[in-house]
1. Consider the stretch 47-75. How many of its residues are part of a loop (DSSP other than H, G, I, E, B) and under 18 Å from PHE17 (Cα atoms)?
2. Can you pull out the residues in the stretch 21-63 that are touching a residue at least 24 places away in the same chain (Cβ under 8 Å) and basic (Lys, Arg)?
3. Does the stretch 60-72 contain any residue that is closer than 18 Å to LEU24 by Cβ, polar (S, T, N, Q) and loosely packed, with under 10 Cβ neighbours inside 10 Å?
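Each reported figure results from applying straightforward, stated rules to the coordinates on display, with no laboratory input. What you see is a predicted model; the values in this text were computed from it and never measured. A quick note on method: Cβ atoms are made from the backbone with ideal geometry, for glycine too, and the neighbour counts reach across all protein chains shown.
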Amino acid sequence: FWAGMCGDYHEYWELHFSATTPGLYFYHFELDTPWGKSLIMNTGNGIGDFSAQGNEFQQTVYDKNFKTPDFLKGGIIYQIFPDR
């Protein structure tokens, strides 16, 4: 786990996290400033914005031992949702 801030004219933050258990992980960013707490939430398409109205970001973690079945390697899978 490492977190840090870099940049000369713009700030960007970097975080390295290794999940130990497969599953869905949800997260948001909280900034504590002299002016109070701010949230960065997912406001659409994975884009973060200062808002308490968005959704949390999602990280999907797969089992590191998962192997793609041979018959699926290089294939394309379509999932079609009819309108009605």
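1. From the stretch 47-75, those part of a loop (DSSP other than H, G, I, E, B) are 47, 51-54, 56, 62-69, 73-75; that's our starting set.
Next, from what is left, pick out any that are under 18 Å from PHE17 (Cα atoms): 56, 62-64.
Number of matching residues: 4.
2. none
3. Residues of the stretch 60-72 that are closer than 18 Å to LEU24 by Cβ, as a first pass: 60-64, 66.
Checking which are polar (S, T, N, Q) leaves us with 60.
So of that shortlist, the ones also loosely packed, with under 10 Cβ neighbours inside 10 Å come out as 60.
Yes, the stretch 60-72 contains a residue that is closer than 18 Å to LEU24 by Cβ, polar (S, T, N, Q) and loosely packed, with under 10 Cβ neighbours inside 10 Å.
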